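The structure appears right after this line, and notes come after that.
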């Protein structure tokens with residue numbers, strides 16, 4: 001039996017792509033283990049899958065001044081020592097890392113033990129944690145063609161991001177039932193990430209009456225972001241957060257309004273959902289969502305709008321344009337090799353585990 005150790009954490013985006021690989025690896029007979037931080041989000045997310053979990057010390061590596069810059073390097077060194085001890089005991093055939101700062105000591109420890117490491121970079125440009133792992137990685141998976149230019153040519157592979165296959169098994173009828181909708185109008189799904197997106201919420205509600213004239217809307221608005229004054233609005237259904245039933249809402253949606261986080265847009269690609277992407281503005285991020293969105297737009301996968309220049313009226317115009325040209329986006333996504341990410345990455349893992357990397 002081959003053994004694989006996963007690592008990655010800090011946010012759900014550094015964990016859920018790992019989880020998407022579990023079913024196929026279990027089918028292939030892999031013994032799966034996970035190394036994360038002691039109490040990070042990854043520990044909670046992995047609990048549901050009954051996979052052995054090992055916590056290590058970790059610290060954030062920052063490009064800016066912070067008092068913790070003096071103590072966190074020692075935590076990283078401690079994490080390296082702990083990870084090395086765990087890996088010596090487990091003796092995995094391969095390590096797969098989705099990034100986040102917990103991954104740095106794990107990947108570095110694995111490399112020191114001559115264990116092949118495959119890492120995955122979600123965004124257009126590598127984050128600091130992955131930059132520290134790239135020199136010792138066996139292969140580097142990425143989501144965007146443009147990212148290949150920033151990676152060593154002999155290591156980089158365009159794979160797309162692993163997405164849970166269960167998302168493709170939704171029922172449109174079940175989604176309609178959840179929302180109290182019918183087949184009289186097409187459905188828009190609005191989603192802003194696990195915490196919601198205040199800017200998108202405001203725009204959608206500003207344009208709500210105009211949009212409801214032609215569409216039904218399911219709005220996943222984020223924790224504590226439901227508008228109680230709109231609870232009984234016909235054709236408009238709000239949720240704070242949806243977990244297991246998300247697949248049904250995706251199945252129901254004709255078009256989607258979304259942020260442009262790497263994992264979110266890869267889900268849209270896998271499901272072939274035409275989307276209006278409204279990336280986080282530069283004042284609220286390092287700009288990675290803007291680059292992600294521009295790449296999807298250039299490949300014909302999505303339409304993009306700048307939140308800072310959108311109004312309720314222009315949002316309505318964009319939505320109409322997207323809906324009436326939706327087939328062109330569906331066709332472009334259908335022909336993308338990035339939709340086969342799980343198979344591509346599993347093949348890389350198999351090669352590394354068998355010494356063929």
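Couple of notes before you dig in:
- Residue match in region 154-174 (condition: surrounded by 22 or more Cβ atoms within 10 Å (Cβ to Cβ) and not in a loop (DSSP other than H, G, I, E, B)): no
- For region 124-138, the candidate set comprises residues that are out of contact with any strand residue (DSSP E or B) (no Cβ under 6 Å at 6 or more places or on another chain) and buried (at least 22 other Cβ atoms within 10 Å of the Cβ); within that set, the residue that is nearest to residue 96 (Cα to Cα) is 129.
- Among the conditions (1) at pLDDT 95 or above; (2) crowded, with 17+ Cβ neighbours inside 10 Å, the only one that residue 261 does not satisfy is (1).
- Residue list for region 103-135, restricted to those being part of a loop (DSSP other than H, G, I, E, B), over 20 Å from the mean Cα position of the chain (by Cα) and over 22 Å from residue 22 (Cα atoms): 113, 114
- Residue within region 86-102 that is surrounded by 20 or more Cβ atoms within 10 Å (Cβ to Cβ), in a loop (DSSP other than H, G, I, E, B), on the phi > 0 side of the Ramachandran plot and not assigned by TED's automatic domain parsing to the domain that holds residue 326 present: yes
Here is a yes/no grid of residues against (1) within 19 Å of the chain's Cα centre (by Cα); (2) touching a residue at least 40 places away in the same chain (Cβ under 8 Å):
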{"residue": "16", "(1), (2)": "yes, yes"}
{"residue": "21", "(1), (2)": "yes, yes"}
{"residue": "34", "(1), (2)": "yes, no"}
{"residue": "44", "(1), (2)": "yes, no"}
{"residue": "48", "(1), (2)": "yes, no"}
{"residue": "54", "(1), (2)": "no, no"}
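- Single unsatisfied condition, residue 207 versus (1) touching a strand residue (DSSP E or B) at 6+ places or on another chain (Cβ under 9 Å); (2) within 30 Å of residue 310 (Cα to Cα): (1)
- Residues (closer than 15 Å to residue 255 by Cβ and either touching a residue at least 60 places away in the same chain (Cβ under 8 Å) or in a strand (DSSP E or B) (or both)) located in region 204-240: 204, 207, 211, 214, 215, 216, 217, 218, 219, 220
- Residue match in region 3-13 (condition: touching a strand residue (DSSP E or B) at 6+ places or on another chain (Cβ under 8 Å), in contact (Cβ under 8 Å) with a residue 60 or more places away in the chain, more than 20 Å from residue 265 (Cα to Cα) and surrounded by fewer than 23 Cβ atoms within 10 Å (Cβ to Cβ)): yes
- Any hit, region 37-49, residues being at pLDDT 95 or above, touching a helix residue (DSSP H, G or I) at 6+ places or on another chain (Cβ under 9 Å) and part of a loop (DSSP other than H, G, I, E, B): no
The values are calculated or read from the model by the stated rules, or taken from the named source; none is laboratory data. Everything quoted here is computed from the prediction, not taken from an experiment. Cβ: placed from backbone, ideal geometry, glycine included. Neighbour counts: every protein chain shown.
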